[in-house]
There are 2 protein chains.
Amino acid sequence: MDNLQLSNQVCFPIYSASRLITKAYKPFLDEMGITYPQYLVLMVLWENDQLTVNQITEKLLLNTNTISPLLKRMEKFELIKRTRSAEDERSVIVQLTSKGKRLKDKAKPIPEQLLKILLNDNIELSEVLQLKEMLNHWIEILTENNKNKTA
Amino acid sequence: MDNLQLSNQVCFPIYSASRLITKAYKPFLDEMGITYPQYLVLMVLWENDQLTVNQITEKLLLNTNTISPLLKRMEKFELIKRTRSAEDERSVIVQLTSKGKRLKDKAKPIPEQLLKILLNDNIELSEVLQLKEMLNHWIEILTENNKNKTA
DNA sequence: AGCGATTATATCGTACGCGATACAAATGTA
DNA sequence: TACATTTGTATCGCGTACGATATAATCGCT
């Protein structure tokens with residue numbers, strides 16, 4: 001078997017699926033005026049009243065050089081506000097504005113609608129959950145692999 | 001269950017895994033002086049002597065507005081050459097240069113090394129293959145879903 | 001043959017991702 | 001208490017992604 005044949009790659013399907021999923025989200029997120037990465041930030045803030053920039057990067061597995069400008073855009077759209085922490089002047093605390101909080105209601109039906117796209121076409125819910133478990137295992141390994149490199 | 005909790009999302013693991021995999025490739029691709037998307041283009045050209053821009057977009061599920069500038073960069077690095085088709089002046093034929101062809105040898109060990117990162121940490125090969133099948137199914141559905149939107 | 005519709009590619013603008021770097025605040029240590 | 005080190009964010013530069021738009025070549029139909 002030719003390892004360098006595209007059809008034999010596992011990574012390419014992940015790469016493609018990721019882009020296609022973001023695209024599937026788009027019509028829903030467009031209505032809210034946000035992008036997929038911004039949606040992720042909102043999700044972690046709907047779960048947590050306030051987070052530092054660092055805490056957000058840890059939850060989303062992104063770096064500050066991605067998150068910082070992203071948060072600035074979100075602040076401009078008045079979805080969040082950023083404040084320097086009083087205890088540690090280095091930290092920036094991120095909180096939702098009322099506009100950001102209100103978006104949660106609008107976002108509620110999204111996960112179900114995305115699932116419907118997949119489930120309607122004979123994909124079993126169990127399969128979806130299995131996929132999630134497998135990928136989470138991969139992420140763990142790849143995150144570890146990444147740490148080893150920088151250490 | 002709260003559908004808007006990050007941990008309950010399936011799409012987030014795909015998004016994260018995709019980025020982490022690209023990062024895992026980086027040290028290998030850096031040695032060749034290319035990026036992951038450029039590596040994908042090389043792969044389809046190692047399989048096919050010549051392809052039009054359109055044929056590449058179909059194989060990689062990317063649009064011309066991504067591929068066009070990408071190919072231009074690859075041409076500047078002398079990995080490929082682009083020629084207008086004689087039969088159809090609209091089409092651009094993409095072919096590997098000798099430098100592009102030579103890179104195939106250097107790339108040969110990459111898939112195995114990537115797999116090793118995953119398999120070393122008690123992921124079964126069967127699991128990898130299963131994941132691939134599942135994602136290909138998803139990609140089919142999501143591609144279809146996308147077509148319906150533009151139609 | 002003439003001409004509107006389609007097709008193949010390219011360009012523009014915006015938003016990520018990320019390696020490298022910068023910088024101020026906090027921490028550790030002699 | 002000085003001062004090197006670490007930590008938390010931000011900035012820069014480059015390379016994707018992608019919606020919208022542009023343009024030339026070809027096709028289809030009369």
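The values are calculated or read from the model by the stated rules, or taken from the named source; none is laboratory data. Since the model is a prediction, treat every value here as computed from it, not as a measurement. Methodologically, a virtual Cβ is constructed for each residue, glycine included, from the backbone with ideal geometry; neighbour enumeration extends over all protein chains shown. We work out accessible area using only protein heavy atoms, side chains counted, and drop any ligands, DNA or RNA first. Shrake-Rupley method; radii C 1.70, N 1.55, O 1.52, S 1.80 Å.
Tabulated results
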{"item": "Count - residues of region A:76-96 that are farther than 18 Å from A:Pro37 by Cα and either touching a residue at least 40 places away in the same chain (Cβ under 8 Å) or not polar (S, T, N, Q) (or both)", "result": "8"}
{"item": "Residue check for B:Ile21: β-branched (Val, Ile, Thr) and within 20 Å of B:Glu112 (Cβ to Cβ)", "result": "yes"}
{"item": "Residue match in region A:104-127 (condition: surrounded by 16 or more Cβ atoms within 10 Å (Cβ to Cβ), modelled with pLDDT of 95 or more, basic (Lys, Arg) and within 16 Å of B:Leu4 (Cα to Cα))", "result": "no"}
{"item": "A:Glu78 modelled with pLDDT of 95 or more and open to solvent by 70 Å² or more (accessible area, probe 1.4 Å)", "result": "yes"}
{"item": "Test: residue in region A:63-78 that is away from DNA strand C (no atom under 14 Å from the Cβ) and among the basic types (Lys, Arg)", "result": "no"}
{"item": "Wholly enclosed helices (runs of 4 or more DSSP H) of region B:76-151 bearing at least 2 residues farther than 18 Å from A:Gln9 by Cα", "result": "B:98-107, B:125-150"}
{"item": "Those residues of region B:1-37 which are open to solvent by less than 50 Å² (accessible area, probe 1.4 Å) and either within 30 Å of B:Ala86 (Cα to Cα) or more than 8 Å from every other protein chain (Cβ to nearest Cβ) (or both), in sequence order", "result": "B:Phe28, B:Leu29, B:Met32, B:Ile34, B:Pro37"}
{"item": "Among the residues listed as B:Leu61, B:Leu40, the single one being at pLDDT 95 or above, within 13 Å of DNA strand D (Cβ to nearest atom), open to solvent by 50 Å² or more (accessible area, probe 1.4 Å) and under 22 Å from A:Val10 (Cα atoms)", "result": "B:Leu61"}
{"item": "In region B:81-120, the residues that are within 16 Å of DNA strand D (Cβ to nearest atom) and among the hydroxyl-bearing types (Ser, Thr, Tyr)", "result": "B:Thr83, B:Ser85, B:Ser91"}
{"item": "Residue check, A:Lys99 free of Cβ contacts under 8 Å to residues at least 60 places away in the same chain, within 13 Å of chain B (Cβ to nearest Cβ) and open to solvent by 60 Å² or more (accessible area, probe 1.4 Å)", "result": "no"}
